[in-house]
Amino acid sequence: MSYKDFQNELYAIGNKLWLKLQRLPKAEPVEIVCFSVIILFIGKYIFSICLQLTRLIRWDYFVLQSQ
């Protein structure tokens, strides 16, 4: 997959997400709950990655200081 194809794919996904966000106020309660669960799961995953990276950075700093 070339960079241009990847960029177009990300653009398409962003457009779909934007359309979903625009229709959210008119959505059924079940759709709102499902969308919220998906967003919370993605947020939790991103938070977990950031937390692990900060721990890794702290560990590297600790190891370098002890040498």
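A few notes on this one:
- Where a residue in the stretch 32-47 is touching a residue at least 12 places away in the same chain (Cβ under 8 Å) and its partner, wherever it lies, is in a helix (DSSP H, G or I), with Cβ under 9 Å and at least six apart: Phe35/Lys20; Phe35/Leu21; Phe35/Leu24
Residue by residue, here is whether (1) in contact with a Phe, Trp or Tyr (Cβ under 7 Å, 6 or more places away or on another chain); (2) β-branched (Val, Ile, Thr); (3) exposed (fewer than 10 other Cβ atoms within 10 Å of the Cβ) holds:
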| site | (1), (2), (3) |
| --- | --- |
| Ser2 | no, no, yes |
| Asn8 | no, no, no |
| Asn15 | no, no, no |
| Lys26 | no, no, yes |
| Val30 | no, yes, yes |
| Phe35 | no, no, no |
| Ile39 | no, yes, no |
| Leu53 | no, no, no |
| Ile57 | no, yes, no |
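Taken together, the values in this text are just the output of simple stated rules run on the coordinates, not laboratory data. Since the structure is predicted, the reported quantities are computational estimates derived from the model, not experimental observations. No Cβ is skipped: glycine too gets one built from the backbone with ideal geometry, and neighbour counts run over all protein chains shown.
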